[in-house]
1. Might you check whether a residue that is in a loop (DSSP other than H, G, I, E, B) and either within 24 Å of residue 180 (Cα to Cα) or aliphatic (A, V, I, L, M) (or both) occurs anywhere in the range 58-79?
2. Inspect all residues belonging to the range 232-240 and state whether any of them is out of contact with any His (no Cβ under 7 Å at 6 or more places or on another chain), at pLDDT 95 or above and in a helix (DSSP H, G or I).
3. Somewhere in the range 269-281, is a residue in contact with a Gly (Cβ under 9 Å, 6 or more places away or on another chain), over 20 Å from residue 193 (Cβ atoms) and not β-branched (Val, Ile, Thr)?
4. Name every residue in the range 1-48 that is over 18 Å from the mean Cα position of the chain (by Cα) and assigned to a strand (DSSP E or B), in order of residue number.
5. Would you pick out the residues in the range 62-83 that are more than 21 Å from residue 144 (Cβ to Cβ) and hydroxyl-bearing (Ser, Thr, Tyr)?
6. Return the residue satisfying two criteria in turn: it lies in the range 119-161 and is closer than 20 Å to residue 26 by Cα and among the hydroxyl-bearing types (Ser, Thr, Tyr), and of such residues it is surrounded by the fewest Cβ atoms within 10 Å (Cβ to Cβ).
7. In the range 187-227, which residues are over 16 Å from the mean Cα position of the chain (by Cα) and among the β-branched types (Val, Ile, Thr)?
8. Please identify the pairs in which a residue from the range 266-289 that is under 27 Å from residue 230 (Cα atoms) and surrounded by 13 or more Cβ atoms within 10 Å (Cβ to Cβ) has its Cβ atom under 6 Å from the Cβ atom of a residue that is at pLDDT below 90 and not small (Gly, Ala, Ser), counting only partners at least 6 apart or on another chain.
Amino acid sequence: MEQYYNDFGNWIRKQFPFRVQKISIDAGFTCPNRDGRIGKGGCIFCDNKTFNPSYCESSKSITQQLEDGKAFFAKKYPDMKYLAYFQAYTNTYDSVESLRRMYEEALGVKDVVGIVIGTRPDCVSDELLDYLEELNRQTFLIVEYGIESCNDETLKLINRGHDFACTKRAVEETAKRGIKVGGHIIVGLPGEDPDESLRQASVISSLPLTILKVHQLQIIRGTKLARMYEKEPFHLYSVEEYIDLIARFIQLLRKDLVLERFVSQSPPELLVAPKWGLKNYEFTNLLNNHLRIMMERK
């Protein structure tokens with residue numbers, strides 16, 4: 001199928017002479033807006049159980065989680081190599097010495113050929129970035145920031161604990177060191193209509209990001225957002241509305257920006273809404289068809 005954007009799958013295949021797969025790791029981190037340093041309760045939408053796979057448990061060592069992940073994927077692709085994905089919560093929220101031990105433990109596991117670090121913009125120091133610059137010279141590295149929104153009012157509402165200026169500074173300082181930078185945003189947060197989402201596309205494009213992940217707002221049981229939604233329901237996008245918005249959003253982004261994801265799937269037992277009932281590949285096919293029709297009309 002023709003691609004209408006710079007797809008992550010094609011991009012990552014050009015980075016390595018072999019197939020690679022991310023293995024998620026829960027290294028037991030927390031976040032500064034959970035442990036009381038800047039706030040309590042975390043982001044109003046957050047529940048990490050929605051994306052941690054079965055082999056990813058903080059009670060296991062980093063090595064054991066990677067070995068379990070390798071066993072999970074090797075059944076399908078015996079010759080696979082792996083990226084250690086430090087995913088759950090804020091994976092730079094510790095001393096540089098401790099982080100160095102964790103990252104290097106992961107790199108010491110056979111067939112692990114790189115690291116992806118998920119973190120917050122307010123949890124990187126110059127000392128850490130200097131170390132990551134050194135690490136980047138030794139191995140494949142992506143530092144992935146939760147941006148969530150470019151709107152300061154939204155960031156305050158979702159209890160993010162930092163403003164967009166903090167995001168901009170962290171992304172720029174990381175990219176300045178030659179490190180590949182990923183960003184993650186959520187479309188449909190309370191108070192953000194389609195016009196506001198489209199306004200943010202040019203802001204996102206102005207950042208020196210390599211990779212962008214986008215997904216729809218999902219309301220997860222037990223979160224503060226779920227309680228807000230139950231008390232006063234707000235609009236959530238239908239599949240058709242979201243596809244049209246994302247198609248327009250893509251067209252406003254830099255053409256070299258690598259787009260990794262447009263949708264997220266939470267376990268059905270945790271998801272309050274929206275319940276689209278689509279697998280990721282089904283959504284991508286619908287989106288590509290919509291983009292094709294848009295291009296043909298031009």
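1. No; the residues of the range 58-79 include none that is in a loop (DSSP other than H, G, I, E, B) and either within 24 Å of residue 180 (Cα to Cα) or aliphatic (A, V, I, L, M) (or both).
2. Filtering the range 232-240 for residues out of contact with any His (no Cβ under 7 Å at 6 or more places or on another chain) gives 232-240.
Then keep just the ones that are at pLDDT 95 or above; that gives 236-240.
Add one more test, that the residue is in a helix (DSSP H, G or I), and what stays is 239-240.
Scanning the range 232-240, I find at least one residue that is out of contact with any His (no Cβ under 7 Å at 6 or more places or on another chain), at pLDDT 95 or above and in a helix (DSSP H, G or I), so the answer is yes.
3. yes
4. Of everything in the range 1-48, those that are over 18 Å from the mean Cα position of the chain (by Cα) and assigned to a strand (DSSP E or B) turn out to be 35, 40.
5. 63, 77
6. If we take residues in the range 119-161 being closer than 20 Å to residue 26 by Cα and among the hydroxyl-bearing types (Ser, Thr, Tyr), then 119 is surrounded by the fewest Cβ atoms within 10 Å (Cβ to Cβ).
7. Hits for the range 187-227 are 203, 219, 220, 223.
8. 266/50; 270/50
The values are calculated or read from the model by the stated rules, or taken from the named source; none is laboratory data. This structure is a prediction, so every number in the text was calculated from the model and none was measured. Virtual Cβ from ideal backbone geometry, glycine too; neighbours counted across all protein chains shown.
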